[in-house]
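Bear in mind these aren't lab numbers, they're just calculated from the coordinates by the rules spelled out. Keep in mind that this is a model prediction, so the values were computed, not measured. Cβ: placed from backbone, ideal geometry, glycine included. Neighbour counts: every protein chain shown.
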Amino acid sequence: MPRVSLDLEVPADLAVVKTTGWRIASGLVPGEPNQGLVAEMGDSPARLPDYDDSWWEKDANVQERRSVGFTFAWYRIKITIPSEVKGEKVAGGRVWFETNVDNYGEVYIDGNIDRDKWVVTGNNTPKRILIEDAAVPGTEHVIAVLVANAPLGAPVGTIFMRYATLAFEPAPGA
């Protein structure tokens, strides 16, 4: 299988993974006072796959510039691994989420982050996050990306994603 990819901003590609698009909400904990910024908070529930994002902005444009100053926002999408992408069978292959955020970001797959390899850090740093090492068609995943304006002490500009794709590649040795 050659590498094939889907653009998670294109309606036809979104249909392949059985989703209508991204949901976006402002805040470290959306809907909470002060955007959920609380000293010594342990974690944000917005990263969890079963978090209720039904009230968030729907079918949102990830490239829209948002925020001024110190700001957080969550970008979430639920996908289903397809059996085929662009004529290629994906079962057993690897599935990657690829993105580039402005400024600082973290990517959670099904509520988890790999703190050794997959944390998105810094301004405009491209990252590839492994979703499945051996793709199983029909499996559902929630991708949650926390984006913050940086540098945190003196933020400039806005927050957004430059791109968001799913890449399907053959398993090593295949």
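Things to note:
- Pairs, first farther than 12 Å from GLU57 by Cβ in region 19-35, second among the aliphatic types (A, V, I, L, M) and part of a loop (DSSP other than H, G, I, E, B), C-beta under 6 Å, six or more apart: LEU28/LEU37; GLN35/LEU28
- Within region 82-91, the set of residues being of a type outside the set (Ser, Thr, Tyr) and out of contact with any Leu (no Cβ under 9 Å at 6 or more places or on another chain) comprises GLU84, GLY87, GLU88, LYS89, VAL90, ALA91.
- Residue within region 89-98 that is of a type in the set (Phe, Trp, Tyr), touching a helix residue (DSSP H, G or I) at 6+ places or on another chain (Cβ under 8 Å) and either surrounded by 19 or more Cβ atoms within 10 Å (Cβ to Cβ) or in a loop (DSSP other than H, G, I, E, B) (or both) present: no
- When region 105-158 is filtered for residues that are of a type in the set (Val, Ile, Thr), over 17 Å from the mean Cα position of the chain (by Cα) and under 21 Å from ILE77 (Cβ atoms), the ones remaining, listed by number, are VAL136, THR158.
- Residue in region 53-61 that is out of contact with any Leu (no Cβ under 8 Å at 6 or more places or on another chain), closer than 21 Å to ARG128 by Cα and surrounded by 18 or more Cβ atoms within 10 Å (Cβ to Cβ) present: no
- Single residue of TYR163, TYR108 found to be out of contact with any Lys or Arg (no Cβ under 9 Å at 6 or more places or on another chain) and assigned to a strand (DSSP E or B): TYR163
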